[in-house]
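Working notes, structure below.
The values are calculated or read from the model by the stated rules, or taken from the named source; none is laboratory data. Only a predicted model underlies this, so the values are computations on that prediction, with no experimental measurement involved. All Cβ positions, even for glycine, are placed from backbone atoms using ideal geometry, and neighbour counts span all protein chains on display.
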Amino acid sequence: MSLRTIKFLFVIYQQFNLSDFEIGYYFPISIGAIHSLQINATKGARTVPNLFENNRNYLLGDPELDILGDREKLGQWRHKSRGPTYYKLGRKVIYRGSDLNDWVESNRVDPSRGE
């Protein structure tokens, strides 16, 4: 069962105040199992949620890209072969959400490790 499914079941449980029996009626799983699956699934998960939607494409100029830098900064990074992976279709620059999240994660700094 994926982490997304576990989170979905947990949200359903919380929003509709379903009992363990009702969850078992609609889904073949108990709340105890959902809690344990959620704990086990998040042990190896990223500590920071994704900043970008993985299955979405972002065009240069989309406001969501402002978190990385303005249009000029992204242009400088592309010119210097730095920054996140991108696609160039004609004059359009396209960033995939999954590439942006990978790049953000690769630039993570953990001060407790002396990085």
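A few notes on this one:
- Residues of the range 84-115 satisfying the condition of being under 12 Å from the mean Cα position of the chain (by Cα), surrounded by fewer than 17 Cβ atoms within 10 Å (Cβ to Cβ) and of a type in the set (D, E, K, R): Asp102, Glu105
- No other residue among Asn55, Asn101 is touching a Ser or Thr at 6+ places or on another chain (Cβ under 9 Å) and modelled with pLDDT of 80 or more apart from Asn55.
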